[in-house]
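The values are calculated or read from the model by the stated rules, or taken from the named source; none is laboratory data. Keep in mind that this is a model prediction, so the values were computed, not measured. Reconstructed Cβ throughout: ideal geometry from the backbone, glycine too, with neighbour counts over all protein chains shown.
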Amino acid sequence: MSAAGGVPGSGHEVPGGTWRGISFEDRMATVEFRVGERAHITVDSEVCRSCTTKACVTACPANLFAPTSGGGILFNYEECFECGTCYMVCNHEGAITWTYPDGGLGVVFHQG
Amino acid sequence: MDKGDMVPTPGVSSDTPGFDAVVVGAGPAGSAAALALARAGRSVVLVERGPFPGSKNVYGGVVYGRVLDEVVPEWWNEVPVERWVVRRSTMMMTGSQSVSVDYRSAAWGEVPYNGMTTLRSRFDNWLATKAVEAGAQLVTSTVATGLLRDAHGRIVGVRTDRDRGELRANVVVACDGVNSFLAKEAGLMPPAEASHHTLGVKEVLDLPGHVIDERFGLRRSEGVDIEMLGCTRGIPGGGFLYTNSDTVSLGVVLSLPHLAEAKVRPEELIADLKNHPSVAPYLRGATLREYAAHLIPEGGYDTMPTMVTDGMLVAGDAAAMTLAAGLWLEGVNFAIGSGLAAGRAVDRAIAAGDCSAKGLASYRSDLEGQFVLADHKRFRKAPALVLSERIQQRYPGLICDLVDGMFTVTNPVPKPGGVRLTRSVAAKHGVKLRQLAADTVRALKVFG
Ligand SMILES: Cc1cc2nc3c(=O)[nH]c(=O)nc-3n(C[C@H](O)[C@H](O)[C@H](O)COP(=O)(O)OP(=O)(O)OC[C@H]3O[C@@H](n4cnc5c(N)ncnc54)[C@H](O)[C@@H]3O)c2cc1C
Ligand code: SF4
Ligand code: SF4
């Protein structure tokens, strides 16, 4: 296509033209987070130990739930979309304590 | 805010409400409610937890703007539009095939237009500014952390995370979106049910405007909206692609319980879509500008909460008002329509001196009388049909193979007849002709 000359460099596209190559880090680096000191979401890893689904691990769009070797969950609140997916897919009462970050903090979308 | 903060404060005295109304959330519903109240001469404070309106909000997205007629005459001259949608396409696909139903209308490119692509950081900000110009007081970077109640349990305002941050009002209008903690705290909404929600993940990709024009067959301010079915590895949902001025928004919408069960990461499904032979050529050379995610209340009419209680009403996504009648979503227009109606109802209730559930009840009847609840009621069975197994997993492939059978030239083997082709393709996809007929009737009933 003639217009291709106007297209910016291949950026996150990897050779061969597939998109699998975007690292998760690069993906999240496109999002602005104003990180507060208070963890607005906390996960009780003890409760997670008995969880058979570990649904949060794959469903969280920000990939913030990391399974530990002991069967628990390591969670970091800092780059969170505040979407609500985790508490909705989690069926273990008390595993997730979910609140919004304090006013003005957290994710800031510019292209939403 | 701790969970403990969400407990109603007992015994807060009900004297001197500071405002006529406090509106929580400066999304489309909240700004519309604040606007209607301010225009009616009521004192209203609009509380938003983000640093600016729109900063927490994500959608597809296309705004269907006719509801704005009530907000600003000739809104199309000032709304922060990206492109006017003149072409709308539904693409049914398998991993390697696609069939599109493509509609284009010149009229959609002219006043009053049908739909526009716009970004929420700009659109929500614009609408909130309208409310401020009308006299509403906007307070950003402030979370409403819970409800204030008087000794009788009546809602008399909200607590916020600011110092001395209590905001007292005759009525609270909860426009706090899909997770609405206020509606839950007020007892209007049952605890969140994953099966009534979908997750939307979206990438906004940089692509120069003239490249978008050429690839999608558009001129200047014209835009396209493509909805896709069959691209989510069997997880009920769909894909979308919308053209903005010099970016493309692309993403997938996924049923939450099925996503969790499938153990697939959402961004993998976006990658699938971007690699699809029918989509990849559109995006060649595009680079990621921003990745985003947000939930959608897709349950429709039958999952809506009670909308009023003493001293409070609920509008927009907080009341599950996103309409998913097809693969596309209409939520912003429903949020604005319900927000305006909420504002009017509060004004009437204050005038009549009765802000109890009874005094606010005209809100519901107003919504029933206009598109907001009329459309929802009419399409109440649509979400279940659109997300059903055959529509999601069998028909896209069946349709692709049917068209393949009609279009592929098989000489020297003679062409198969239509009936034989349909029967064999249907059988290949595990669908009986009888089911095909039954689903057609069902679809006619749901959408007819
Ligand atoms: C992926 C996706 C695609 C979509 N596509 C479309 C589309 O193409 N067209 C369309 O019309 N609709 C679409 N929708 C639906 C649309 O986005 C919503 O219906 C619409 O945003 C609802 O508006 P609202 O004002 O009710 O809620 P929101 O827009 O969610 O606004 C709620 C506001 O309240 C604020 N808030 C929440 N809690 C608090 C609190 N405690 N204190 C203070 N502030 C608070 C939030 O920060 C936010 O600004 C889509 C949604 C998604 C997720
Ligand atoms: S957060 Fe919930 S879903 Fe995730 S591992 Fe813990 S209990 Fe399981
Ligand atoms: S709110 Fe959303 S982004 Fe944040 S941790 Fe939960 S699932 Fe992940």
Please identify the pairs in which a residue from segment B:363-377 that is within 18 Å of residue B:313 (Cα to Cα) has its Cβ atom under 6 Å from the Cβ atom of a residue that is among the aromatic types (Phe, Trp, Tyr), counting only partners at least 6 apart or on another chain. B:372/B:334
Quick one: in segment A:33-74, which of the residues that are assigned to a helix (DSSP H, G or I) and of a type in the set (A, V, I, L, M) is farthest from ligand 2 (Cβ to nearest atom)? A:59
All but one of (1) in a loop (DSSP other than H, G, I, E, B); (2) under 30 Å from residue B:403 (Cβ atoms); (3) not aromatic (Phe, Trp, Tyr) hold for residue B:72; which doesn't? (2)
I'd like to know if segment B:125-144 contains one or more residues that are in a strand (DSSP E or B) and either of a type in the set (Gly, Ala, Ser) or not assigned by TED's automatic domain parsing to the domain that holds residue B:163 (or both). yes
In segment B:309-349, how many residues are assigned to a loop (DSSP other than H, G, I, E, B) and either within 13 Å of ligand 1 (Cβ to nearest atom) or polar (S, T, N, Q) (or both)? 11
Of residues in segment A:63-98 being at the interface with chain B (Cβ under 7 Å from one of its Cβ atoms) and buried (at least 20 other Cβ atoms within 10 Å of the Cβ), the one farthest from residue A:40 (Cα to Cα): A:89
Contact list please: Cβ distance under 7 Å, first residue in segment B:301-329 and closer than 19 Å to residue B:199 by Cβ, second residue outside any helix (DSSP H, G or I) and aromatic (Phe, Trp, Tyr), pairs at least six apart or on different chains. B:323/B:379
Using the structure shown, decide if residue B:394 is modelled with pLDDT of 95 or more and either assigned to a helix (DSSP H, G or I) or among the aromatic types (Phe, Trp, Tyr) (or both). no
